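Quick one: this structure, given as structure tokens, is what I'll be asking you about.
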Amino acid sequence: MIDAPSAVMIRRNGLQAECNLPSLLRCRSPPAAAKQQRAQKLFVFGDDFADTGNGASDPDLGYNSREWRYPFGMSDTAHARRPSGRFSDGLVQSDYMAKIMGHREAPPPYTYDDWRDGIDAAGLNFAVGDSGALETPAGVTKLGKQVQQLRRLVRDGRVERRDLGDSVALVAYSGNDYAYADDDTFDGVMETVVEELASVVSHLQDLGVSKVLVNTVPPFGCSPWLTRQFNYTACDDRGNAGPDRHNAALRDRLGVGSGDDGAVMLLDVNSIITDLVAPKEEGGSSALAARFTELLRPCCEATDGDSGYWGLDGGYSLCDRPGEYFFWDTEHPTQAGWRAVMQLLQGPIMAFLGISNLEHF
């Protein structure tokens, strides 16, 4: 049996529901079958964890367009093992969220079309790598403006109001705003970030989106960029303290567990990843962790000091079996990593969305 952490909280029927459920084991998305045609539309907002091709692909951007170059996509049989703008060797969180809902993969990226003839039946993905709640690099749309992009499509009649009433939004925020925060500035940044995330949820609900799922931020201290100092053998507890504070503040701000109408779910990505790569109790790791021979070491590592990066010819080293690594690079899970995370979240997500058809992936 696969054990899911008990920290996945759902707001439902005015009561606190703690989901401790076992896992139930570009271009437009083509309709797969009648079942898929009945599936709810999925609107995706966020950053690297969910981007499926909104980021710029210009090779002159170097590191900032790395997701469009090999070895990214090398395990992705759904896209001919070629880069597709995903920050992984294959599929990412939004793809598996879509699969749970009965779609083939994440809905198409917003930048792929002008959607004059209406949006794809699967929904639309606004997420873009390096995005955040506050300031973002030039050319990168922050979370609030991603919601504005959807609002404009509604205003122009390219998304119908009736589509929103039975739709789902995933807010896949991974914490890019904290990249340069230190002990003195973290809490100040956190307050602003949490308020902005709450505002994003509120605006989506105002538009008529019926269900919103929001990520907790992952355990930064278990990411390879911080586990490297321990030769990839242990997490950095100090690096995990900030995410814990953010997630507690976000839970309180969204009111998860207090009286409400069951419209918001906090996806506890943090606890799931921790349970997989660094369980707090001996023997407490999820059975899915046995799939991985490397839990804290990345498959793809930059070489040549500060000038190397993944996607630069001669600028990285690559493992032989990405499917045995949880992490793809210093921050992002592999396709296999995301599959494990979303399998552990599948039961709670299905319960929250009222889905009865189990999708195997």
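The values are calculated or read from the model by the stated rules, or taken from the named source; none is laboratory data. On a predicted model such as this, the values are computed, not experimentally measured, just so you know. Glycine gets a Cβ as well: all are built from the backbone with ideal geometry, and neighbour counts include every protein chain shown. Heads up: the accessible areas ignore ligands, DNA and RNA and are worked out on the full protein's heavy atoms, side chains in. Shrake-Rupley method; radii C 1.70, N 1.55, O 1.52, S 1.80 Å.
Compute the distance in nm between two label points, each set 7 Å from the Cα along the Cα-to-Cβ direction, one at LEU61 and one at GLU195.
3.0 nm
For region 120-225, what relative contact order do you get, as a whole percent, if you take Cα pairs closer than 8 Å and at least 6 residues apart?
Here the relative contact order equals 32 percent.
At what distance in nm do the modelled label points of ASP206 and ALA263 sit from each other, each positioned 7 Å from its Cα along Cα→Cβ?
According to this spin-label approximation, the distance is 1.2 nm.
May I pose another question? Starting from the Cα gyration tensor of region 108-238, take the square roots of the eigenvalues, sort them a ≥ b ≥ c, and report rounded, prolate or oblate (rounded when a/c is under 1.5, otherwise prolate if a/b is larger than b/c, else oblate).
prolate
Continuing with this model, one more query. Around CYS319, with a cut-off of 14 angstrom between Cβ atoms, what is the net charge of the other residues, counting Lys and Arg +1 and Asp and Glu -1?
-4
Taking 0.36 nm per residue of sequence separation and subtracting the Cα-Cα distance, how much length would be gained by fully extending the chain between THR303 and TRP115, in nm to one decimal?
So the extension gain works out to 63.5 nm.
On the accessible surface of the chain, probed at 1.4 Å, how many percent belong to carbon and sulfur atoms?
46 percent
What percent antiparallel are the DSSP beta bridges of the chain, to the nearest 5?
Bridges in the chain are about 40 percent antiparallel.
Taking a ≥ b ≥ c as the square roots of the eigenvalues of the Cα gyration tensor of the chain, is the shape rounded (a/c under 1.5), prolate (a/b larger than b/c) or oblate?
Rounded is the answer for the chain, as its axis ratio a/c remains below 1.5.
Express in nm, to one decimal, how much length is gained between GLN148 and ASP182 on full extension, taking 0.36 nm for each residue of separation and deducting their alpha carbon distance.
Residue separation times 0.36 nm, minus the Cα-Cα distance, leaves 9.2 nm.
Still on this structure, please answer the following. Pulled fully out, how much extra length does the chain show between TYR70 and ARG161, if you take 0.36 nm times their separation in residues and subtract their Cα-Cα distance?
So the extension gain works out to 28.8 nm.
If you don't mind, another one. Over the chain, average the accessible area per residue using a 1.4 Å probe and give it in Å², no decimals.
For the chain, the per-residue accessible area is 42 Å².
Same structure, new question: Would you mind computing, in nm to one decimal, how far apart the modelled labels at ALA78 and GLU324 are, each placed 7 Å from Cα along Cα→Cβ?
2.5 nm
When the helix-only estimate is applied to the chain (DSSP H runs of n ≥ 4, each -39,500 (n - 2.57), divided by the residue count), what is the mean residue ellipticity at 222 nm, nearest 500 deg cm²/dmol?
-8500 deg cm²/dmol
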